[in-house]
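The values are calculated or read from the model by the stated rules, or taken from the named source; none is laboratory data. As the structure is a computational prediction, the values presented were derived from the model and not from experiment. Using ideal geometry, Cβ is built from the backbone for each residue, glycine included, and neighbour counts are taken over all protein chains shown. Just so you know, the surface numbers come from the protein's heavy atoms only, side chains and all, with ligands and any DNA or RNA stripped out. Shrake-Rupley method; radii C 1.70, N 1.55, O 1.52, S 1.80 Å.
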Amino acid sequence: MQAETHTSPKKIIFSGIQPSGVLTLGNYIGALRNFKLLEDAYDCIYCVVDMHAITVKQNAAELRARCLSLAAMYLAVGLDPKKSLIFCQSHVSAHAELAWILNCVTYMGELSRMTQFKEKSAKHHDNINAGLFTYPVLMAADILLYQTDLVPVGADQKQHLEITRDIAQRFNSQYGQSFVVPEAYIGKVGSRVMSLQEPTRKMSKSDPEDTYISLLDSPEVVRRKVKRAVTDSDASIRFDAEEKPGVSNLLSIISVLMDEPLESVTDSLQGEGYGGLKTRAADAIIETLAPIQAEYARIIADKATLQGILDEGAQAAARRANRTLDKVKRKVGFAPHGKA
Ligand code: TYM
């Protein structure tokens, strides 16, 4: 039972974001916003997953800066380091260690079915490295190390959560109860924010600039991008993700950001035309981003404080992660050493 491995009375949340580019409105709606909404009810652990980021080529200086920038964004959306653990994955070596052990209970066949691997290897065909292939195992290690109950993510990570559950169950049945089997937490609306230019594709930071909203875009840029968003020629404002992906995407964005049911957003826009829909969407985005951007500017200016938060976060995370890792090492049959 879960209680056996839990020391905390609150259920545990773990999630992570790669510091691999600017953060988009998709990252905010699918993940960051929920991180904040869940912060009080759960024992939360939020990670800057820099080891995942190097599965595609990175510039070292830029990656270093982006790790701090992502941590600053965690704080800028309102996460409180006194309540949530915030740290960098590479600072806690237990992630890599557990990933190795889990590699040995994960099958090539199941990894080769991962959509993200197929997509990324098509995109980076000159660098189809083993890390890209075993990426989901490292993700499973991230989650399982902390006896996580719930993982808030966007819909694109569902398959990775399923393999994490499979790995946990397999390990538990081979070696005895070691891991809590986690659940994905995927929001009902907004779990897949779509590209502004190709609304049948997910909004992604690796696509051209005019397809996504960056969390640091100025109001003028947001208005311009939303104004140019692809809709359709039918001119009716209703939610229909299949037939009207562009319009539905804008309606979902407004609904989530304004915390208003889709139906009432749709009703209130009748007769406004696509111009009105786009103005409402841009207003909602600008209103959401303004306080986040102001906080971000303040936090990123004080690197020493930020570094201190990450250092403390890593120490606390390592203590917790090592409890699971030590137990796992014992179970797989590694000989004990001095500190145990
Ligand atoms: P990453 O860095 O690609 O994205 C971070 C989070 O943002 C969500 N997301 C979206 N949600 C809705 N609409 C979109 N267009 C959109 N784009 C991105 C993602 O679903 C994700 O929740 N493998 C993970 C990082 C990771 C992780 C973990 C997550 C590593 N270890 C452990 C949870 C737990 C990833 O690549 O996310």
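Some values worked out for this structure:
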read-out	value
Too-long pairs where the Cα-Cα distance tops 30 Å, listed order kept, from LYS303/LYS327; LYS82/LYS225; LYS158/LYS205	LYS303/LYS327; LYS82/LYS225
Cα shape, segment 244-340, gyration tensor, a/c 1.5 rule	oblate
Tilt relative to the chain, helix 60-76 - C-alpha long axis, 0 to 90 degrees, to 10	70 degrees
Candidates HIS91, HIS125, HIS160: whichever shows maximal mean-square fluctuation once the chain is modelled as a Gaussian network with Cα springs under 10 Å	HIS125
In segment 77-151, chymotrypsin sites (Phe, Trp or Tyr not before Pro) in a DSSP loop with at most 12 other beta-carbon atoms within 10 Å	TYR107
Principal-axis tilt of helix 273-300 within the chain, Cα atoms, nearest 10 degrees	40 degrees
Euclidean distance between Cα centres, segment 141-198 to segment 38-93, Å	18 Å
Segment 209-297: relative contact order in percent, alpha carbon pairs under 8 Å with at least 6 residues between	32 percent
Residues of type aspartates and glutamates that LYS83 reaches as a straight line, Cα spacing below 15 Å, ignoring anything fewer than 8 places off in the same chain	GLU39, ASP40, ASP43, GLU312
Å² per residue, accessible surface of the chain at 1.4 Å	46 Å²
Taking the C-alpha atoms of the chain, convex hull volume expressed per residue in Å³	146 Å³
Placed amide H near ALA184: partners under 5 Å, 5+ positions off or other chain	VAL151
Average Cα contact separation per residue, the chain, under 8 Å, 6 or more apart, as relative contact order %	23 percent
Per-residue SASA entry for ILE300, accessible area with 1.4 Å probe, Å² rounded to 10	30 Å²
Helix 94-103 vs. the chain, principal-axis angle (Cα, 0 to 90°, nearest 10)	80 degrees
Sequence of GLU312, GLU162 when ordered by accessible area, the most exposed leading, probe 1.4 angstrom	GLU312, GLU162
GluC sites (Glu not before Pro) restricted to DSSP loop in segment 230-288 with at most 13 other C-beta within 10 Å	GLU242, GLU243, GLU272
